[in-house]
1. Among the residues of the stretch 58-88, count how many are modelled with pLDDT of 95 or more and more than 23 Å from the chain's Cα centre (by Cα).
2. Under the condition of being at pLDDT below 80 and surrounded by fewer than 14 Cβ atoms within 10 Å (Cβ to Cβ), which residue from the stretch 159-195 is nearest to residue 48 (Cα to Cα)?
3. Mind listing whichever residues of the stretch 188-197 are more than 22 Å from residue 156 (Cβ to Cβ) and in contact with a helix residue (DSSP H, G or I) (Cβ under 7 Å, 6 or more places away or on another chain)?
4. With within 23 Å of residue 186 (Cβ to Cβ) and surrounded by fewer than 17 Cβ atoms within 10 Å (Cβ to Cβ) as the only criterion, which of 52, 80 stands out?
5. Among the residues of the stretch 201-232, write down those that are without any contact (Cβ under 8 Å) to a residue 40 or more places away in the chain and in contact with a helix residue (DSSP H, G or I) (Cβ under 8 Å, 6 or more places away or on another chain).
6. Name the residue that is modelled with the lowest pLDDT, counting only residues in the stretch 89-122 that are part of a helix (DSSP H, G or I) and buried (at least 18 other Cβ atoms within 10 Å of the Cβ).
7. Please count how many residues of the stretch 1-38 are under 20 Å from residue 218 (Cβ atoms) and in contact with a strand residue (DSSP E or B) (Cβ under 9 Å, 6 or more places away or on another chain).
8. Taking the conditions exactly as written (at pLDDT below 95 and either more than 27 Å from residue 2 (Cα to Cα) or touching a strand residue (DSSP E or B) at 6+ places or on another chain (Cβ under 7 Å) (or both)), does residue 43 satisfy them or not?
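The values are calculated or read from the model by the stated rules, or taken from the named source; none is laboratory data. All values derive from a computational prediction rather than experimental measurement. Here Cβ is always computed from backbone atoms with ideal geometry, including for glycine, and neighbour counts include all displayed protein chains.
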């Protein structure tokens, strides 16, 4: 009997509400999170950390005369300039999870993992990203897609950036160039045939998914709790039925 999500993929555009979702889970009472959200003590994989790492490495090489190839810095943050990065990110996830399995004998039973990233279309689509993920990871995976329109994501992205700037000159956001280039459109509706929940099949694996409508922004914890619990309850039913 399944007690919690193993690999919970958290998808959606930048500023769609993924970070708020994860922050809520971090701050949620552990017993409530486990019983109502079906998430055990969890570790995070966020591919934005890969972008930061690559940018820092390229900045070091640039200092010694090696031209940047994958990232560039802009005033608001970091832009990926080579879409090969997105394939790299899938493989990076594979390797991080493989190392965890080697050191954690109870890898599939003791805790949950939340794996967060955004994708677009074609060569950087969700379908491509997932097709490059290890089959065992997918077999133990579920997906929540946090849905907000491009226009709403742009609004939140800008609003949060302006708020952060009040407190730190180190504030960053998903740069406008990246939003326009990569995240204006994505393949999620195509991949799921426009359904709000169900299964997608990749690499001969059925993966349960739920699309959670988050276009109406709320900062009320009670509203968010109900929204998250409703989506995760449905997702866990699908996950448990496999």
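1. Number of matching residues: 12.
2. Start the filter on the stretch 159-195 by keeping residues that are at pLDDT below 80, which leaves 161-173.
Adding the requirement that they be surrounded by fewer than 14 Cβ atoms within 10 Å (Cβ to Cβ) leaves 162-163, 166-170.
Details: 162: 20, 163: 20, 166: 23, 167: 21, 168: 19, 169: 19, 170: 16 Å.
Checking each candidate, the answer is 170.
3. Selection gives 191, 197.
4. On the way: 80 fails: surrounded by fewer than 17 Cβ atoms within 10 Å (Cβ to Cβ).
Selected residue: 52, the only one of 52, 80 that is within 23 Å of residue 186 (Cβ to Cβ) and surrounded by fewer than 17 Cβ atoms within 10 Å (Cβ to Cβ).
5. Start the filter on the stretch 201-232 by keeping residues that are without any contact (Cβ under 8 Å) to a residue 40 or more places away in the chain, which leaves 201, 206, 216, 218-220, 222-223, 226-227, 230.
Of everything in the stretch 201-232, just one residue is without any contact (Cβ under 8 Å) to a residue 40 or more places away in the chain and in contact with a helix residue (DSSP H, G or I) (Cβ under 8 Å, 6 or more places away or on another chain), namely 218.
6. Filtering first and then ranking leaves 97.
7. 14
8. yes
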